[in-house]
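Only one structure is covered here, and it is reproduced in the block below.
The values are calculated or read from the model by the stated rules, or taken from the named source; none is laboratory data. Worth saying up front: this structure is predicted, and the values here are computed from it rather than measured. When we count neighbours, we look across all protein chains shown, and the Cβ atoms used for this are built from the backbone with ideal geometry, even at glycine.
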Amino acid sequence: MAGTEEENIKKESALAVEAGRNELIAEQLKNDVISEIQAKLKKSKTEIPAETKEKILQSTVNRLNQILPRKIGRLKQELVDEAIRAAAKSQKEIAEIAKKEEKTAEETFLRFNIHFRIQHMMLFSSVILLILTGLPLKFPAFSPFAFLVDLFGGIESSRFFHRFAAVILILFMVYHTLYTILHRDGRRDFLLLLPMPKDIKDVIWNLKYFFGLSDDRPKFGRFSYVEKFDYWAVYWGCVIMIGSGALLWFQDISLMFLPKFALDASKEAHSDEAVLATLAIVIWHFYNVHFNPDKFPGSLLWLHGRIPKDEMMEEHPLEYAELMKQKENQHQVEKSNDTENT
Amino acid sequence: MKNKFHLIIAISILSVFPLSSIAGATIAIQKCMLCHGKPGFKKVEETGKVKELYVNLSTIEKSVHKKKTCTDCHADVVEIPHKQIPQKVKCIRCHFKGNPDGAPQSDKYLEYQESIHGRAVKSGNRKAPICQDCHGNHDSKHTKDVLSKVHKSNVAKTCGGCHIDIYAQYITSIHGKALLLEHRIEAPNCTDCHGEHKILEHTDPKSMVNPVNIVKTCSHCHNSVEIVGKYGIETSQVSTYEHSFHGIAVKFGSKTVANCASCHGKHNIAPSEDPSSPVNIKNIPSTCGQPNCHPGANINYAKGKMHVNPKSKQSGIIYYVAFFFKYLTLLTIIALIAHIILDLNRRSKEWREQKKKI
């Protein structure tokens, strides 16, 4: 592409030279020089014979005729060369930038779309707040928790923050449900998150790998069994926590219809599930996304949703293969479309 | 501190000049008995109140002060017949720490001065009790003496002298019955809950019966197998309360949440079988439904145990919920940790192999 344009410019400039513009310019320059000489001759105090004047002018004109076309031609050629060089340089730069962009587009994949990311942010911010305001109630005898309660302004305002966070969690659940039903990605992800026989095979394979009976890790699709576990743990947790929590929040209303022991059972389930969820997050989720040597100290995946190509190939090879296949198909379709159009 | 300083000066003066020398001379008990020994010796005050002035000598002889003479306490009487009405006896003359008279070494009067009674006296309330109002005057006896006004079995009656309506409630309560009728010496009287010398109003955060401290006060007995356990009373009630929402809120400083007394009552505490008890199953809706608590409480509040212990099988469904989550948590976390350890192990192995290759 770049080469042909360069040639075009060269040809054009050569044509311009050939078009005899040089001579036009040469004529003008010659006239200028002659008129200047004539002016100078007029001004001179000593009398110069007219013949001599004619001779001087004639010799000047001859000399100018000899050198001007050559000089102008050379100058023009130089200018053209410089212009060509500048054009080539900027073109190279443009090409480089384009190449870079292409490279970045190639190297990362959008793993989580904006809805998914907002849901995750709602989930983690509400859960952190819920744990901080809830855990002291489970272990009131553990004295550092008294500090935590004070941090939120005493038990009454700590209670308010707990319920505020609960509202965020409920909104998250509603958002996620609507997303799963209404959004194309949501429906696809939900189906991909369903437990499959392959997950059991993957667990066995991974265990084999851990014990050195297999040389490579199992090949995961878009969601590995680890991620599926996380997803369904949150699902189970949300159902238990929101269900029992709502009964306890509106206990005066729930006691209108339910016996006290039902609420006591809710309280027990709420606090026990809270401990389980906290442990699962702190031990399991934090290991998988933070403390794992490959990941430490964590990535910004939750913020931009993009995953680098190498990580994609390593952790989700099946999804990567699928994507590549789709891309190829698309290319082929485009190509066939092009040929049809032409 | 100031008080103590004054006392030290008083002690030093008194040790140089014995009381008797200040009073001029010890007036023999017999001289006093000339008038005060006559049964029926009394005075009618301006208000029409009859004041008994007869002193039964045998009462004094049975008291802890049998060796003392009248003027040892009534020190302002220096001549007979005395012209002025003697002032109220001040026990602090002898009963301070480091006294030379052999009186019990104690600075409980300091606690008394901080108490609601002591402060009332200081502010000029003539009806407020001073030492002898509780400990007795001529008949004051050792605390361990069953006839003493401050013996465990008599304290309620002594306090009831002034707090008559509360006394009436107390004697019908389980505590009053156990102590006064069944003579169970561990059962509490007034001072076991309110304190002895340092009795404070219940609104004072330092008071033993303030909402902040009441759980601790009740727990002293109700959390102890040695004290209530031997009567077959459950000792788990305290820990179950502490793990309930009420107990947790109290722990973190709530003053409005229910404490022991909110449900069980104060002076008229009765077992739940008693139909008059606020924790009787019939009364639970009204007890829980107090205006500041759960207005509109219904019989559903009474369905299920109040003091729930999730670790006890008697708790029914709650026990099974706790059981389920206990093992779910254990198994899940063990599995997850095992997975992490195995993963780390394999990673480190690979890492070492890579290092070797290099």
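The number of residues in region B:32-43 that are farther than 16 Å from B:P86 by Cα and not in a loop (DSSP other than H, G, I, E, B) comes to 1. Among the conditions (1) over 32 Å from the mean Cα position of the chain (by Cα); (2) at the interface with chain A (Cβ under 9 Å from one of its Cβ atoms); (3) of a type in the set (A, V, I, L, M), B:A302 misses just one, which is (1). Regarding region A:185-193, can at least one residue be identified that is among the charged types (D, E, K, R) and either touching a Ser or Thr at 6+ places or on another chain (Cβ under 7 Å) or crowded, with 18+ Cβ neighbours inside 10 Å (or both)? Among the residues of region A:185-193, at least one is among the charged types (D, E, K, R) and either touching a Ser or Thr at 6+ places or on another chain (Cβ under 7 Å) or crowded, with 18+ Cβ neighbours inside 10 Å (or both), which makes the answer yes. Taken together, the criteria place A:A269 among residues that are surrounded by 12 or more Cβ atoms within 10 Å (Cβ to Cβ), of a type in the set (G, A, S) and either within 14 Å of chain B (Cβ to nearest Cβ) or over 30 Å from the mean Cα position of the chain (by Cα) (or both). Among all residues of region A:125-140, there is at least one that is closer than 19 Å to A:D272 by Cα, facing chain B (nearest Cβ under 10 Å), of a type in the set (A, V, I, L, M, F, W, C) and surrounded by fewer than 17 Cβ atoms within 10 Å (Cβ to Cβ).
Residue by residue, here is whether (1) closer than 30 Å to A:K208 by Cα; (2) not in a helix (DSSP H, G or I) holds:
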{"site": "B:Y241", "(1), (2)": "no, no"}
{"site": "B:G247", "(1), (2)": "no, no"}
{"site": "B:K255", "(1), (2)": "no, yes"}
{"site": "B:D274", "(1), (2)": "no, yes"}
{"site": "B:I281", "(1), (2)": "no, yes"}
{"site": "B:P291", "(1), (2)": "no, yes"}
{"site": "B:G296", "(1), (2)": "no, yes"}
{"site": "B:E353", "(1), (2)": "yes, no"}
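Selection over region B:267-299 of residues that are surrounded by 17 or more Cβ atoms within 10 Å (Cβ to Cβ) and more than 10 Å from chain A (Cβ to nearest Cβ) gives a count of 9.
Out of all the residues in region A:180-188, is one or more more than 25 Å from A:G243 (Cβ to Cβ), away from every other protein chain (no Cβ under 13 Å), touching a residue at least 60 places away in the same chain (Cβ under 8 Å) and not in a helix (DSSP H, G or I)? Yes, the conditions are met somewhere in region A:180-188. Note on region A:125-160: residues that are within 30 Å of A:P308 (Cβ to Cβ) and free of Cβ contacts under 8 Å to residues at least 40 places away in the same chain total 1.
Close Cβ contacts (under 8 Å, 6 or more residues apart or on different chains) running from residues in region B:334-358 that are within 12 Å of A:L207 (Cα to Cα) to residues that are not in a helix (DSSP H, G or I) comprise B:L342/A:F211; B:D343/A:N292; B:R346/A:G212. When the residues of region A:62-87 are filtered to those that are surrounded by 15 or more Cβ atoms within 10 Å (Cβ to Cβ) and at pLDDT 85 or above, the one that is nearest to A:F223 (Cα to Cα) is A:I84. Against the conditions (1) of a type outside the set (D, E); (2) without any contact (Cβ under 8 Å) to a residue 40 or more places away in the chain; (3) touching a Gly at 6+ places or on another chain (Cβ under 9 Å), A:S299 satisfies every one except (3).
If only residues of region A:312-342 that are in a helix (DSSP H, G or I) and in contact with a strand residue (DSSP E or B) (Cβ under 9 Å, 6 or more places away or on another chain) are counted, the one that is surrounded by the fewest Cβ atoms within 10 Å (Cβ to Cβ) is A:L323. Filter region B:336-351 for residues that are more than 60 Å from the chain's Cα centre (by Cα) and closer than 15 Å to A:F211 by Cβ and give the result. Of everything in region B:336-351, those that are more than 60 Å from the chain's Cα centre (by Cα) and closer than 15 Å to A:F211 by Cβ turn out to be B:D343, B:N345, B:R346, B:R347, B:S348, B:K349, B:E350.
One residue alone among B:A178, B:A168, B:A156, B:A187 is at pLDDT 90 or above, of a type in the set (G, A, S) and part of a loop (DSSP other than H, G, I, E, B), and that residue is B:A187.
Against the conditions (1) at pLDDT 85 or above; (2) over 22 Å from B:G136 (Cα atoms), B:V64 satisfies every one except (2). Residues in region A:272-311 that are in contact with an Asp or Glu (Cβ under 9 Å, 6 or more places away or on another chain), at the interface with chain B (Cβ under 9 Å from one of its Cβ atoms) and closer than 30 Å to B:Y319 by Cα: A:A280, A:W284. Of all residues in region B:305-329, those that are farther than 19 Å from B:Q237 by Cβ and more than 9 Å from chain A (Cβ to nearest Cβ) total 2.
Restricting attention to region A:192-227, the residues that are assigned to a helix (DSSP H, G or I), within 14 Å of chain B (Cβ to nearest Cβ) and not β-branched (V, I, T) total 10. Looking at region B:239-262, which of the residues that are away from chain A (no Cβ under 13 Å) and under 14 Å from B:M306 (Cβ atoms) is nearest to the chain's Cα centre (by Cα)? Within region B:239-262, the match that is nearest to the chain's Cα centre (by Cα) is B:C260.
Note on region B:45-104: residues that are outside any loop (DSSP other than H, G, I, E, B) and over 23 Å from B:K122 (Cβ atoms) amount to 12. All of (1) more than 35 Å from the chain's Cα centre (by Cα); (2) surrounded by 12 or more Cβ atoms within 10 Å (Cβ to Cβ); (3) more than 10 Å from chain B (Cβ to nearest Cβ) hold for A:F250 with one exception: (2).
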